[in-house]
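**Q** Let me begin by handing over the structure; questions about it come next.
The values are calculated or read from the model by the stated rules, or taken from the named source; none is laboratory data. Values in this document were obtained by computation on a predicted structure and should not be read as measured data. In this analysis, Cβ positions are derived from the backbone assuming ideal geometry, glycine residues included, and neighbour counts consider all displayed protein chains. The accessibility values were calculated without ligands, DNA or RNA, using every heavy atom of the protein model including side chains. Shrake-Rupley method; radii C 1.70, N 1.55, O 1.52, S 1.80 Å.
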Amino acid sequence: INSQTCLEENYNLFSSVLNIYNPHSEYTYLAGGALRRLITGEKLDSDWDFFFKTKKAVDVFAFYLFSQPKLYTIISNERRTMNTTIQFVLNSTNQEFKFQLIDFRYYENVSEVLDSFDFTLCMFGIEKDNLFYADTAMTDIRDKKLVPNKITYPISSTRRILKYAKDGYRLDTDGIKSFLCGISFSELYSEYDKEKGIVRNSGMSGG
């Protein structure tokens, strides 16, 4: 746990995030590493990840941020393959935030969101007034243990292993086996092709 000052800053940041989230909580979920950092008392310098039940919910959430210039000053708005990242300042407190609106797929509930995560240490989510987390998430964080959950994007997950290693998290032997066994080579090739912009023929042609 970090200093009392850090905990107070985290509380204030989280309170501001909840004030934005709560009016949209019927169709929106807040989940991921920022919640882990909040629980462990680490500095909240990561993105806040929002997931949605429908496309309309994404549009309503984004419109709210952009339609309140007295409340929020938008710094940047970047569209990516799987999300839209909005960086802004809350004018009343001068707090700066980076929200990632995950919109490449939609989720019926926050449990579906958590089930899609690659490692248990990020499996924390809020739906309405409730906090949900994986059965072993708390102990895995305590033990600095990196435990694979579902490996859908192997290249991205490998990068995250390196990132978490800087914070002291490690894969043990069982974790390495679970990670390797969870890799689908078709998904590996697909992710590589998307990153490199490669288009492959779907079938083989005769000579």
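**Q** Only one residue in Asp45, Asp59, Asp49 is open to solvent by 40 Å² or more (accessible area, probe 1.4 Å), modelled with pLDDT of 95 or more and of a type in the set (Asp, Glu). Which one?
**A** Answer to the check: Asp59.
**Q** Something else: Among residues belonging to region 15-42 that are open to solvent by less than 40 Å² (accessible area, probe 1.4 Å) and of a type in the set (Ser, Thr, Tyr), point out the one that is nearest to Val110 (Cα to Cα).
**A** Looking at residues that are open to solvent by less than 40 Å² (accessible area, probe 1.4 Å) and of a type in the set (Ser, Thr, Tyr), I get Tyr29.
**Q** Can you tell me which of Lys166, Lys177, Lys145, Lys196 is more than 19 Å from the chain's Cα centre (by Cα), at pLDDT 90 or above and not small (Gly, Ala, Ser)?
**A** Within the list Lys166, Lys177, Lys145, Lys196, the selection yields Lys177.
**Q** Now a separate question. Taking region 86-125 as the search range and keeping residues that are farther than 23 Å from Ser157 by Cβ and surrounded by 19 or more Cβ atoms within 10 Å (Cβ to Cβ), which one is farthest from the chain's Cα centre (by Cα)?
**A** Across region 86-125, the extreme among qualifying residues is Phe88.
**Q** Also: Checking Met138 against (1) closer than 23 Å to Leu44 by Cα; (2) outside any helix (DSSP H, G or I): exactly one of these is not met. Which one?
**A** Just one mismatch for Met138, condition (2).
**Q** Show the residue pairs that are 6+ apart or on different chains and have beta-carbon atoms under 8 Å apart, the first residue being within region 50-62 and free of Cβ contacts under 8 Å to residues at least 40 places away in the same chain, the second being crowded, with 20+ Cβ neighbours inside 10 Å and hydrophobic (A, V, I, L, M, F, W, C).
**A** Note: pairs meeting the criteria are Ala62/Ile86; Ala62/Leu101.
**Q** Which of the residues that make up region 128-146 are open to solvent by 40 Å² or more (accessible area, probe 1.4 Å) and not polar (S, T, N, Q)?
**A** Correct list: Lys128, Asp129, Leu131, Phe132, Tyr133, Asp135, Met138, Arg142, Asp143, Lys144, Lys145.
**Q** Then there is this: If you check every pair at least six apart or on different chains, which have Cβ atoms under 7 Å apart with a residue in region 115-133 that is within 21 Å of Leu162 (Cβ to Cβ) and among the acidic types (Asp, Glu) first and a residue that is at pLDDT 95 or above and crowded, with 18+ Cβ neighbours inside 10 Å second?
**A** Note: pairs meeting the criteria are Asp118/Pro148; Asp118/Asn149.
**Q** Another question, then. Identify the single condition in (1) surrounded by fewer than 13 Cβ atoms within 10 Å (Cβ to Cβ); (2) within 20 Å of Leu35 (Cβ to Cβ) that Pro69 does not satisfy, given that it satisfies every other one.
**A** The number of the failed condition is (2).
**Q** Tell me which helices (runs of 4 or more DSSP H) are completely within region 14-116 and hold 3 or more residues being closer than 26 Å to Gly182 by Cβ, or say none if there are none.
**A** It comes to 33-40, 110-115.
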